[in-house]
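Before any comments, here is the structure.
The values are calculated or read from the model by the stated rules, or taken from the named source; none is laboratory data. As the structure is a prediction and not an experimental result, all values here were calculated from the model. Every residue, glycine among them, receives a Cβ derived from its backbone with ideal geometry; neighbour counts consider all protein chains shown.
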Amino acid sequence: MIGPCVLPDDVFDALAAGEGGRSAVLLLRRARRSRNLLLLRRALDGPCGGTAEAAADLLAGVERVAPAAARSVVDGPAFGTWAARTLRDCPVHRRGGCAGRDLAALAVLAAVRAAHPARITVPVREGRLALPGLGTVTGLGEAREALVVVEAAGFEGAPGASAGGCRVRVLTAAGERVLPRDPSRPGHGWQPVAVLDARHRGLTLRLPLETAAPELPALETASAGPAAWRELLRQAWELLVENHPRRAEELAAGLNGIVPLPAPARGVASATSRHAFGTVLTSWPADPERLALTLLHEFQHSKLSALSDLVTLYEPGGGPRLYAPWRPDPRPPGGLLQGIYAHLGDLAFWQDRSGSRHGPAQADAAWRLAQTRAHVERGLAEAAAHVRLTALGARFLDRLARTVRDTDAVGDGGGGGAERLARAVARVQAGDEAVWRLRWAAADDAGTDRLAALWRSGRPAGPLPATDVGAATGAVAGPGPEFGRWAARQRGAERARPAREAADAVLAAPHPAQGWAELAAAAAEEGRPGAEVLRTRTELVRALLLRLTARRTEPPPGTAPPPGTAPPRAPDPLSLAAWLADDAAEADQKTGRRTGQKTGVSMSQNARSPLAKTSATG
């Protein structure tokens, strides 16, 4: 099953533009299959190899007689995650909990699909025997393992052979269970993995609703069971085939499963594992539009993960924690590129919806389209400034930027005009970045002291000091309800709060982040000098303002200002930002440094790509 994978120039460029088509997806799928098999080989050669050897032998036996059945398992939702987890958790092997044992469950799936005889021991956890892609046996009590026997039709005269050509028995010390003749149907102590089918205009999507992966929680699906998922997928698939036919062909060729997640407190949670090509993890989306958008977005992640196995888009180094406007937390370079690429799916979705809806629904789609486009443009600028792109990485983002530029301009969004809509989106984005800077970035104390001394003496600021962006730990919430309410008001606002008024509010209360968000948005909209610094170095402007204000308001102990004198006026944040921007820009021109990032990006590469010679096995 392992073979070389050559990625032609035109396929690379098509993928970089956001799509690629069915043939590109099949190429990425073959590459990922080779990678999974190489990971299997590495796992077998490692500390966990002994526990996985019997299952690997069974899988190899299935491949000899039914290659398609073996491929379907290696390509499936659970295999890549199993291999990655086993390689990562090898030290656990010494404590008797080796993840290598879980390959046995996948080998059972291959044997069942091939109707191939098998006898293999599979782990039992908390009374549950999970067979990914097939189902879960429950109520096994204290058993820690079970012998699973797959009997082919006529094998040892098995009278219970299923219509699929085999019978599956599960044996523990407490007794024997026999799976239903049709394993897709529930039975006593048996919860099958449901298969969701959707068909429209001759294009079929067939996805298991994977609830049997051993690392998944046991989900209550009564409110959103297989029937509800099946109907929702049918409606979402019709929407995708009708409005995004080329992307629908990609999804039909590449998607291989939906993993239901617990519902969050608000909204929809979705994700993709880089080790499970084509698998979408999502909570119940509730409406077909949301499911269609989730499938488009998450499959973009899968495509880029598989492409990254074949080519190197960036080198180590650069900024380790970067700003991504669609996330509340700092992102590493790879995470930033993933987010940019995934939002191309959102861009295509909202472009279509903004042109096909009417009234408030059209206004909402137009807003989301403009916001998504602004997010991608800002992400591209961040990548250009802070990611150490290879030649191929620069070429990739250049093709991607062309797609963004070619996106049709938004409509009037329901009565305000495209220009008004763009201004509102820009206000929200400027405010969001300012709040993000205040939350995650810390100004250098020594550098701030130096700037304060230069300001008092009337000298130029010079190069801006370095900043430290903190790392996110644990669950990360968004910027908060106060910012959310402000951002919501911008959609209906004609213009930002006057910058002078926003600056006075910041002087009166310099600590709250909301005031700085309004100031950054207003300064950007009015084109004020220093607007870029207010947005991209908010933490520095605030730290400097607080430093200068503290010196002004704290006289030495036991002293008082002379009678009849007033304390010096507090420094104006607009003036501070303009001072930092003007003098820093002059210094940066001499040193070749940049203080901020622009919202456009061009990274054209004239050299011929070496991709035609690129070969990889996964």
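Observations on the structure shown:
- Taken over segment 458-492, the residue count meeting the criterion of being surrounded by 12 or more Cβ atoms within 10 Å (Cβ to Cβ), assigned to a loop (DSSP other than H, G, I, E, B) and within 31 Å of the chain's Cα centre (by Cα) is 7.
- Of the helices (runs of 4 or more DSSP H) that lie entirely inside segment 512-587, not one contains 3 or more residues that are modelled with pLDDT under 95 and in contact with a Cys (Cβ under 6 Å, 6 or more places away or on another chain).
- As for segment 81-97, it holds at least one residue that is modelled with pLDDT under 95, crowded, with 17+ Cβ neighbours inside 10 Å, over 15 Å from VAL150 (Cα atoms) and among the charged types (D, E, K, R).
- Taking the conditions (1) within 21 Å of ALA17 (Cβ to Cβ); (2) under 22 Å from the mean Cα position of the chain (by Cα); (3) without any contact (Cβ under 8 Å) to a residue 60 or more places away in the chain in turn, ASP406 satisfies each one other than (2).
- Residue that is crowded, with 22+ Cβ neighbours inside 10 Å and closer than 25 Å to THR172 by Cα, where the choices are ALA31, ALA105, ALA43: ALA105
- Qualifying residues in segment 1-33 (those that are more than 24 Å from the chain's Cα centre (by Cα) and closer than 29 Å to ALA104 by Cα) - the one modelled with the lowest pLDDT: MET1
- Residue that is modelled with the lowest pLDDT [pool: residues in segment 51-80 that are part of a helix (DSSP H, G or I), of a type outside the set (A, V, I, L, M, F, W, C) and buried (at least 16 other Cβ atoms within 10 Å of the Cβ)]: THR51
- Matching option when the condition is more than 12 Å from the chain's Cα centre (by Cα), among the β-branched types (Val, Ile, Thr) and over 18 Å from ALA228 (Cα atoms), among VAL311, VAL268: VAL311
For (1) aliphatic (A, V, I, L, M); (2) modelled with pLDDT of 95 or more; (3) in a loop (DSSP other than H, G, I, E, B), each residue gets a yes or a no:
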| residue | (1), (2), (3) |
| --- | --- |
| GLU142 | no, no, yes |
| PRO159 | no, no, yes |
| ALA163 | yes, no, yes |
| ARG199 | no, yes, no |
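- Across segment 382-415, the qualifying residues are those that are in contact with a Gly (Cβ under 8 Å, 6 or more places away or on another chain) and part of a loop (DSSP other than H, G, I, E, B), and the one among them that is modelled with the lowest pLDDT is GLY414.
- Matching option when the condition is crowded, with 22+ Cβ neighbours inside 10 Å, aliphatic (A, V, I, L, M) and within 17 Å of the chain's Cα centre (by Cα), among ALA324, ALA370, ALA365: ALA324
- Every residue from segment 253-295 that is touching a residue at least 60 places away in the same chain (Cβ under 8 Å), touching a Gly at 6+ places or on another chain (Cβ under 8 Å) and outside any loop (DSSP other than H, G, I, E, B): GLY254, GLY257, THR279
- Single residue of segment 495-553 satisfying the filter (hydrophobic (A, V, I, L, M, F, W, C) and in contact with a strand residue (DSSP E or B) (Cβ under 6 Å, 6 or more places away or on another chain)) that is farthest from ASP432 (Cα to Cα): ALA543
- ARG528, sole failed condition from (1) surrounded by 18 or more Cβ atoms within 10 Å (Cβ to Cβ); (2) within 31 Å of the chain's Cα centre (by Cα): (2)
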